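Worksheet: the structure to be examined is printed underneath.
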């Protein structure tokens, strides 16, 4: 078990409010990722991090920002939540060696923007 | 935009039947993964295939990577209700990230 914890598990927020989701890992993995999962779209990469203070954009990064001040924590912030950001958000870490690495995912955060 | 298309989108079968799920793209991937996801949980890695033509077996599940590394298949023999879930393929883009297919939702009826 890679020890990934996402918080909160569920959140309802109002349009226009800022929201921060937290991902915490206990095994010192370098790479961490934020994905969103929506019906018909599968999992889409929002942002990822390859080390403390090193982050990069994914394919659906507009409206999101991330921060990684410690190896174990990767925060995803919705600056001003919109209804289109209603989704299930998953954090993942990259584990394994060489070409056989894979993702270990957290249990997800279900976010509803009303 | 790279796309990974999975087929079928939905599949409902009886216990004991065999099935195959496909994952296709026009892009070449350095590796490809298969995950299974259950409701309320994150996807769980089943296998990574790396070499074109590679076949890997995991109990009743057989995974194949296409020779050109653009496609993959997952075959389940004698499906059981415990196989029910969302099956996702993911292709590697470079070293650090993957793109995911839209998934095949499998339901195995007892």
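Taken together, the values in this text are just the output of simple stated rules run on the coordinates, not laboratory data. All of these numbers come straight from a predicted model, not from anything done at the bench. So basically every Cβ, Gly included, is an ideal-geometry build from the backbone, and we count neighbours across all protein chains shown.
Brief remarks follow.
- Shown is the FRET efficiency for residue B:15 and residue A:82, computed with R0 = 30 Å from the Cβ-Cβ distance and rounded to the nearest 0.05: 0.10.
- Residue-averaged beta-carbon neighbours from other chains (10 angstrom radius) around B:35-48: 5
- Shielding of A:104-111 by partner chains, average beta-carbon count, 10 Å: 3
- Take each residue in A:42-50, count the other chain C-beta atoms within 10 Å of its C-beta, and the mean is 4.
- Estimated from the Cβ-Cβ distance and a Förster radius of 41 angstrom, the FRET efficiency linking residue A:67 and residue B:28 is about 0.75.
- Descending by average beta-carbon neighbour count within 10 Å, the peptides B:84-92, B:7-15, A:103-111 line up as B:84-92, A:103-111, B:7-15, the highest first.
- The equivalent ellipsoid that matches the C-alpha gyration tensor of chain B spans semi-axes of 23, 15, 12 angstrom, in descending order.
- Between segment A:75-114 and segment A:1-72, the Cα center-to-center distance that results, in Å: 5
- Label zone (residue A:14, point 7 Å along Cα-to-C-beta; backbone nitrogen cut-off 20 Å) within segment A:67-98: A:78-87.
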